[in-house]
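The values are calculated or read from the model by the stated rules, or taken from the named source; none is laboratory data. Bear in mind that the values here come from a model prediction, so they are computed numbers and not experimental data. Ideal geometry is used to build each Cβ from the backbone, glycine not excepted, and the neighbour counts take in all protein chains shown. Calculation scope for accessible area: heavy atoms of the full protein, side chains included, ligands and nucleic acids excluded. Shrake-Rupley method; radii C 1.70, N 1.55, O 1.52, S 1.80 Å.
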Amino acid sequence: SQTIHQWPATLVQPVGSPLSLECTVEGTSNPNLYWYRQAAGRGLQLLFYSVGIGQISSEVPQNLSASRPQDRQFILSSKKLLLSDSGFYLCAWSQWTAYEQYFGPGTRLTVT
Amino acid sequence: RKEVEQDPGPFNVPEGATVAFNCTYSNSASQSFFWYRQDCRKEPKLLMSVYSSGNEDGRFTAQLNRASQYISLLIRDSKLSDSATYLCVVRRYGGSQGNLIFGKGTKLSVKP
């Protein structure tokens, strides 16, 4: 069966510091991968998605970036965090033939 | 008008009650509809896909009304463990793999 991992589970970072969140998927090949953010009291916002290695589509312009160095690895980065970057970051995957998405456990980021 | 709208609730119901949630979507060309469940401070989990003819999974029944552009979720014989936020999700027609739109969710609290 498929499993999706995210780490770290929680993170507290000062404004202006860099960020790197990692997501890996097991048990499937060539998945579509997604990064979402859920701010307090708000819905899920799609940040990036990827249909293959090195292929990244950005949905919202911001100070975040994403990379997919391997088939089942997806990384979310920032060079300088803003207070507004605080939130619950979720990685998700889907089969390339289907639309249902499955989420990882998430990283709760607090920027201070 | 928001693309996907849900009553935020909370819906407070006793154990054993039947509860129904509605969700409306604005894009008449939308395809693929889903219900997700999100427990407090956890990741969303796929509850069920919604098919045109309606579908049932145990105590859960999902209905789609394309003419009125709404989706419903009916929970029968509510359990304490059903307490969660229920997210309505719509895929835009012709959208990319990244084009799932999440509602903000309806909170359900089942009391003993």
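Surface composition of segment B:1-89: carbon plus sulfur atoms contribute 47% of the solvent-accessible area (1.4 Å probe, protein chains only, all chains present).
Dimensions of chain A based on its C-alpha atoms, expressed as ranges along the principal axes with the largest first, amount to 39, 25, 21 Å. Charge tally around A:Gly52: other residues with Cβ under 15 Å, Lys/Arg +1 each, Asp/Glu -1 each, net +1. Relative to its residue count, segment B:13-112 spans a Cα convex hull of 94 Å³ per residue. Placing a pseudo-label 7 Å from each Cα along the Cα-to-Cβ vector at B:Leu64 and A:Ser67 gives an inter-label distance of 4.0 nm. For B:Ser81, the solvent-accessible surface computed with a 1.4 Å probe is close to 80 Å², ligands and nucleic acids excluded. Dipole of chain A computed with +1 at Lys/Arg Cβ and -1 at Asp/Glu Cβ about the Cα centre; of A:Thr97, A:Ser29, A:Phe48, farthest Cα towards the positive end is A:Phe48. Annotation: amide H of B:Leu108 within the under-5 Å range of B:Phe11, B:Ala84, B:Thr85, B:Tyr86, sequence separation 5 or more or interchain, hydrogens built in the peptide plane. Across chain B, the mean sequence separation of Cα contacts (distance under 8 Å, 6 or more residues apart), normalised by length, yields a relative contact order of 37 percent. Here is the short version for the protein assembly as shown: B:Cys40 have no other Cys C-beta closer than 4.7 Å.
Phi-derived couplings, Karplus 6.51 cos²θ - 1.76 cosθ + 1.60 at θ = phi - 60°, listed residue by residue for segment B:50-56: 10, 9, 4, 8, x, 8, 10 Hz, with x used for Gly and Pro. Across chain A, the relative contact order, built from alpha-carbon pairs under 8 Å that are at least six residues apart, equals 36 percent. The residue among A:Thr10, B:Gln31, A:Ala39 whose Cα reaches farthest toward the positive pole of the charge dipole of the protein assembly as shown, with charges on the beta-carbon of Lys, Arg, Asp and Glu, is A:Ala39. Cα centroid separation, segment A:1-80 to segment B:45-112: 25 Å. Here the Kirkwood formula, the inverse mean of 1/r across different C-alpha pairs, assigns the protein assembly as shown a hydrodynamic radius of 18.2 Å. With θ taken as phi - 60° and the Karplus curve 6.51 cos²θ - 1.76 cosθ + 1.60 applied, the whole-hertz 3J(HN,Hα) list for segment A:91-101 is 9, 9, 9, 9, 5, 5, 9, 9, 10, 5, 10 Hz, x standing for glycine and proline. Backbone phi angles across segment B:43-48, fed through the Karplus curve with coefficients 6.51, -1.76 and 1.60 (θ = phi - 60°), yield HN-Hα couplings of 7, x, 10, 5, 8, 6 Hz in residue order; Gly and Pro are listed as x.
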